[in-house]
Every structure is written in C-alpha cells, then in structure tokens.
Amino acid sequence: MKLLTRRIFSRVSLICSEIDELPMTLLTLSAPASFSLAAVFAWGTSDFLGGYAARRTNAFLLTAIAHISGLLLMAGLALASHSPFPSTTAVVWALMGGLSGGGALAIFYRALSTGRMGLTAPVAAVLGAAIPTVFGMFREGLPQAAQIIGFALAAVGIWLISRTEDDSPSEGIGMAALAGIGFAGFYLCMKQAGDGSAFWLAATSKVASFTLTCLIVLIGRSACEIHRRGIFLGVLAGCLDVIGSVLFIRASQTGRLDEAVVLSSLYPAVTVLLARFILREHFTRWKALGMVAALLAVPMIAWR
C-alpha cells in the first residue's frame, strides 16, 4: 500500500508540474475558470483512487466511506472558518444534489472498477456536462463565440479520450451513463443552492450522499467486504472528491454554469493519465489528441 501511495503521489506531482508548461493565457484565467481547473485535478485523482479501490471491495461501501470522510472534512473546515450556515432553501437544494451525486458516485466507482477507466470516465463526464450546459445556455443566454468553440473543442477532446481502438466489450458503459445523469443533477442542484458557504453546502450534500449509500450497504449486507487499503483509499478519494465539489461550487457561484460544468468535466483527462502511468492502461494516439483538444479548449472557454 505504501508503494502504491508513493507512486500515486509522484504521478500526481508530475501531472501538476505540467501546468508550468501551459501557455501564458492559462496563467491569467478568471476566478471561475481557476476554480474549475482545480476541481479537474481533485475529481480526476479522486475517481482514479475510487475506481482502483472498487476493484477489490464493494463500491457502495467504499462510497459511504468516501462520503463520511468528505462530510467530516468540510464540516470541520466550515466550523474552523466560522462560515455562516446557508438558508433553508439552499440546504434543501444541497441535500437534493447530495442524493443525486452520491448515488451517481457509487455507480461510477462500480463502472470504473470494470477495468476500463479510460472509457467509462469520459462517458459519465460527457453526459454529466451536456445536460447542465444546455440548461445554463437557456437560462443565462448564449456565451461568446469563442466560448462556444471552446465547448465544442472540449466535447471533441472528451470524445477522443474515450475512443478505443479494439473490439473489446464496452463493459460498464451503461453504469457510466447512469452516473453521468446523476452528476448532471448534482451540478444543477448545487447551482440552485445559491451563494451560501461552499463548505457548508458541500458538507450538507454529503449528509444526503452518506445516508443514501449507507442504506444501500445495509440492505445489501456488504459491510464486511473491505480491507484496510480500501478504507485508506476511500478516505483519500472522499476528501479529494469533496474538495473538488467545493471548487465547483465556487466556480458556479462566481461565473456561468455552463462554463463551470464544461471546464470541470475535463477531469477524465487526469483519471486517464493516472491509469496510464500507474496501471499501465493502453494510451492511444487518439487519447493524446484528445488531451491537446482539451488543453486548447480551456483558454477559449475562459475567454473574457
């Protein structure tokens, strides 16, 4: 476990160091875009850890551990920072978002555990981004032309990242699609929650997520199907996941919903890179081209 942990953190550090090589445009991104890109690294790493751990344990039990870890972390930060508690309306929306996103995350971990991280992650991301993006355009109006082109580039990038060059079965795709719909519900609900404390909104959403997954675990009687490494990875994945949620909430509070969703949905790039370097999953030229398209999309979506 120590060896795996060192490898994971070394690869994450390597990926993060690539930021220095991006064009200068990326160094002057707006606050919403910066929050979204930070969420990409948090969510992408969290999904890799959760998907890896779910290969050897019950996905719903693992997700329950991740949710309670995220809840404790965010509640602690909210109390430490003396953040004001959100309104009743915001709490209701956060709970609804937690139910949608919590169940989706468990399904997503199960899809990732099939061994096709490079395929299931982008499918969930595309569906999760498309629904709230269309909703955001109808509600907030069409974005600028450069941003629309950026949205198209991002969609192409995610599609190319998901492309496979073999005839192996697409196991886990149905679960990934269902997870994507649940993620879309989370995005929409957290946007509706308004401008309350991101810490409290994230913590509140985890209350609903943890309750839902615990009920599923108890019904399935799978509480014994986990090991110490699974617990460790579940805690780490949960903390990173809720940090990504806070970053997304701040992005949606300070900018457009469609911009926040599309940029944040580039997280499969991190998941795929980690799967390639740590698990030695096949990395085709189409995935490399998709990464380039995703990088080109970032400054265009963040255009002001």
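Tell me which residues, restricted to the range 190-199, are touching a Pro at 6+ places or on another chain (Cβ under 9 Å) and buried (at least 24 other Cβ atoms within 10 Å of the Cβ). Correct list: Ala193 only. Candidates His67, His82: the one that is modelled with pLDDT of 85 or more and not in a helix (DSSP H, G or I) is His82. Checking every residue in the range 166-173 against the condition of being in a helix (DSSP H, G or I), modelled with pLDDT under 85 and within 15 Å of the chain's Cα centre (by Cα) gives zero matches. Considered as a group, the residues in the range 248-257 that are over 15 Å from the mean Cα position of the chain (by Cα), part of a helix (DSSP H, G or I) and not hydroxyl-bearing (Ser, Thr, Tyr) include one that is nearest to Pro299 (Cα to Cα), and that residue is Leu257. Taking (1) at pLDDT 95 or above; (2) not in a helix (DSSP H, G or I) in turn, Trp93 satisfies each apart from (2). Of all the residues in the range 45-65, those that are in contact (Cβ under 8 Å) with a residue 60 or more places away in the chain and either over 14 Å from the mean Cα position of the chain (by Cα) or surrounded by fewer than 24 Cβ atoms within 10 Å (Cβ to Cβ) (or both) number 11. The numbered conditions (1) at pLDDT 80 or above; (2) closer than 23 Å to Leu188 by Cβ are all true for Leu153 except (2). When Leu266, Leu240, Leu236 are checked against the criterion of being under 12 Å from Trp43 (Cα atoms), modelled with pLDDT of 80 or more and part of a loop (DSSP other than H, G, I, E, B), a single residue qualifies: Leu266.
Quick check on the range 41-48. Is at least one of its residues in a loop (DSSP other than H, G, I, E, B) and either touching a Pro at 6+ places or on another chain (Cβ under 9 Å) or modelled with pLDDT under 75 (or both)? No: zero hits. Count of the range 223-247 residues, restricted to those that are among the hydrophobic types (A, V, I, L, M, F, W, C) and either within 15 Å of the chain's Cα centre (by Cα) or buried (at least 24 other Cβ atoms within 10 Å of the Cβ) (or both), is 9. Residues in the range 277-291 that are in a helix (DSSP H, G or I) and at pLDDT below 80: Leu279, Arg285, Trp286, Lys287, Ala288, Gly290, Met291. Criterion applied to Ala202, Ala145, Ala177 was being at pLDDT below 90 and buried (at least 16 other Cβ atoms within 10 Å of the Cβ), and the one residue passing it is Ala177. The residue list Ile219, Ile226 contains one member that is closer than 20 Å to Ala106 by Cβ, part of a helix (DSSP H, G or I) and at pLDDT below 80, which is Ile219. In the range 111-123 there is no residue matching the filter, namely being within 22 Å of Ala193 (Cβ to Cβ) and of a type in the set (Ser, Thr, Tyr).
The values are calculated or read from the model by the stated rules, or taken from the named source; none is laboratory data. Quantities reported herein were computed from a predicted structural model and do not represent experimental measurements. Every residue, glycine among them, receives a Cβ derived from its backbone with ideal geometry; neighbour counts consider all protein chains shown.
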